[in-house]
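Peer 1: Could you have a look at this structure, given as structure tokens, before my questions?
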Amino acid sequence: MKLLREPLLHFAVAGALVFCGYSWLHDKRAEDGAEPVRIGEGDIRWLRQTWSSQWLRDPTAGELKGMVDGLLSERLLAREAKEMGLDQDDTIIRRRLAQKLKFMIEDTAQLAEPTEAELRKFYAANSSRFETPGKLSFKQAYFSPERRVDAAADAKAALAKLNGGDVEPAAGDRLLLGNSFDDADAAAISAMFGADFAHDVLALQPGGWSGPVKSGYGFHLVFVTQRAAATPKPFETARGAVLAEWRSAKQAELTRNYLVELRRKYGVELDDGVSATLGSEPASKAAAK
């Protein structure tokens, strides 16, 4: 009698009843002609290719059977989860479905081939993307905020002495990157000192000390010794890059247009509270009208 009062027994019995109920329901659905879960020849080819790509050999019969069992289990669980409504209001599933559809849209751009005229027109409209980057040679004097009370003020004082006739700036602080750089392009300068530093230094003209220019390290006085302007690449040389950029732009265009059509198809509604929070009508709502 004591056994009948055990909570664990009650839980086990309840679980068994639920399992039997689901089993009965599943059998009933099968008897009623529910669509079976299928494994086709295309699935087998995909499983073989996936295995071969990872292990650089074909799977054995036993390995292939294991993969088929795994795929079948996955599809059965996914079917039942959907029947139970577990896919509703699930952020991960929603994002994965959206991502999958987006990939399908973008793949259509890979199938499209531009004419030579279209490619040359795209090249002409975006010629700055296909330039040989400009390069800069410069030297710098570094002033560390960690070693000085006011590094910016010290840098300004050193610059004033330079403008007063000193040949070299007052001794700065040691920087592991060094003090002199030759033929560095924007990407290299940005990688070393940061994007803001690169932007400021690339705007300087050769022939004089300037600054202070701030980087992630601190403050710098910079002397540009030489600069080479960016030069356009001929279309024939840049053709591969132009095609890749054209396809990327086409992907973005197809996605944008598809979303506009979806907004028209389904409509977009915002609660008054949401509109008030946003402060202005989003593009999604405007496009749906």
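Only the coordinates and a few stated rules stand behind these numbers; no lab work does. Source: prediction; values computed, not measured. As a convention, Cβ positions derive from the backbone with ideal geometry for all residues, glycine included, and neighbour counts pool all protein chains shown.
Peer 1: Roughly how many debye, to the nearest 20, is the charge dipole of segment 134-229 about its Cα centre, given +1 on each Lys and Arg Cβ, -1 on each Asp and Glu Cβ, and no other charges?
Peer 2: Its charge dipole is roughly 80 debye.
Peer 1: For a footprinting-style exposure proxy, rank TYR266, TYR258 by other Cβ within 10 Å, fewest first.
Peer 2: TYR266, TYR258
Peer 1: Also: What number do you get for segment 43-84 when its Cα radius of gyration is normalised by 2.2 N^0.38 Å, N = residues?
Peer 2: Scaled against compact globular proteins, the figure is 1.35.
Peer 1: If you don't mind, another one. Listed here are the pairs LYS82/LYS265; LYS100/LYS265; LYS135/LYS156; LYS100/LYS121; which of them are more than 30 Å apart at the Cα?
Peer 2: Listed pairs above 30 Å: LYS100/LYS121.
Peer 1: Excluding residues on the same chain fewer than 8 positions from LYS139, give the aspartates and glutamates whose Cα lies under 13 Å from its Cα.
Peer 2: GLU168, ASP182, ASP183
Peer 1: Can you give the Rg/Rh ratio of segment 64-221, where Rg is from the C-alpha atoms and Rh is the Kirkwood radius?
Peer 2: 1.31
Peer 1: Compute the length gained on full extension between ASP183 and ALA244: take 0.36 nm times their separation in residues and subtract their Cα-Cα distance, giving the result in nm to one decimal.
Peer 2: Taking ASP183 through ALA244 to full extension adds about 19.2 nm, to one decimal.
Peer 1: For q values of 0.13, 0.14 Å⁻¹, compute log₁₀ I(q)/I(0) with the Debye formula on a Cα-only model of segment 134-229, without solvent.
Peer 2: -0.39, -0.45
Peer 1: For each of SER210, SER180, count neighbouring Cβ atoms within 10 Å of the residue's Cβ, then give the residues from fewest to most. Spell out each step's value before the answer.
Peer 2: Numbers: SER210 19, SER180 11.
Listing SER210, SER180 from fewest to most nearby Cβ atoms yields SER180, SER210.
Peer 1: Note the full-extension length gain between GLU261 and LEU56 as 0.36 nm times their separation in residues minus their Cα-Cα distance, in nm to one decimal.
Peer 2: Between GLU261 and LEU56, full extension yields an extra 69.5 nm.
Peer 1: Assign one of three labels to segment 72-150, namely rounded, prolate or oblate, based on the Cα gyration tensor with a ≥ b ≥ c the square roots of its eigenvalues; rounded applies when a/c is under 1.5, prolate when it is not and a/b is larger than b/c, and oblate otherwise.
Peer 2: Oblate is the answer for segment 72-150, as a/c is 1.5 or above yet b/c matches or exceeds a/b.
Peer 1: Just the Cα atoms of segment 59-108: what Rg and Dmax do they give in Å?
Peer 2: 15.0, 41
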